[in-house]
Amino acid sequence: MSAEIPECVSAVRARIDAAARACGRDPAAIRLVAVSKTRPPQDVASAHEAGLTDFGENYVQEAKEKIAALRHLPLRWHFIGHLQTNKARFAVRLFDLIHTVDSVRLARELDRVAGRISKVQEVLIQVSLSGEETKSGAFPEEVPALLREAALLPHLRVCGLMTLPPYFDDPRGARPYFARLRELRDRLQQEAPQGVSLAELSMGMTGDFEAAIAEGATIVRIGTAIFGRRG
């Protein structure tokens, strides 16, 4: 697949550009995170050669080995999977942005371990909008309290919100969930604690990222359209 990755990156960038322009947005305001879970380091290197710098991983152990193998490249790493509190100490050392903070307990642990290495860890709050038991995330009514707690943690910096909608064959089915996340962000922004920024909206994957862009996504997480289907 490595030989095809540059062409896939170009095609995805063209789709992002078209989706942004269709709704009057600047394509440069949308960050493309290539989801590289299960992919070997050479695929990541190929995507980097095609111009990508941001890569998303779901599993701490897999990411640890991959990041070590690619440490010579100037990459930004995103953690986009469910993060257990006992893996926080590894995640803080490995990742530039953690997308999946969903509890005060996890936020406090990330702050604690970040403080030990004098790091300010950037995070997003994961919001559960679907009610699906298989999906992690704080419920919308829990997010204000989580933001207030996070604002008190000196080694944590909240940058925005993230969500995973249910799967739909038609991407239009996901669009209301993206709209709800944007609307929640807009409400919370008016009363966000000092030091909390909600500029980022991480939402949209291969099957629905154009709908997410139409609703204000600033980060899209795309794997299959870049690396092909996983075996």
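Using a Gaussian network model on the chain with a 10 Å cutoff between Cα atoms, which of A107, A151, A91 fluctuates the most? Result for the chain, Cα springs under 10 Å: A151 fluctuates most. Normalised by the number of residues in the chain, the average gap of Cα pairs under 8 Å and 6 or more apart makes the relative contact order 20 percent. A Gaussian network model of the chain, with springs between Cα atoms under 10 Å, assigns the largest mean-square fluctuation among S103, S136, S118 to S118.
Our analysis of the chain gives Rg over Rh at 0.95, with the two radii drawn from alpha carbon positions and Rh computed by the Kirkwood formula. Charge dipole of the chain (Cα centre as origin; +1 on each Lys and Arg Cβ, -1 on each Asp and Glu Cβ, all else neutral): 600 debye, rounded to the nearest 20. Contact order for segment 39-171, expressed relative to its length and based on alpha carbon pairs under 8 Å spaced 6+ residues apart, stands at 19 percent. Segment 114-129 and segment 9-25 have Cα centres lying 29 Å from one another. Which one of V158, N86, P176 is farthest out on the positive end of the charge dipole of the chain, using unit charges on Cβ (Lys, Arg +1; Asp, Glu -1) and the Cα centre as origin? Highest projection toward the positive end goes to N86.
Only the coordinates and a few stated rules stand behind these numbers; no lab work does. Worth saying up front: this structure is predicted, and the values here are computed from it rather than measured. Positions of Cβ are backbone-derived with ideal geometry, glycine not excepted, and every protein chain shown enters the neighbour counts.
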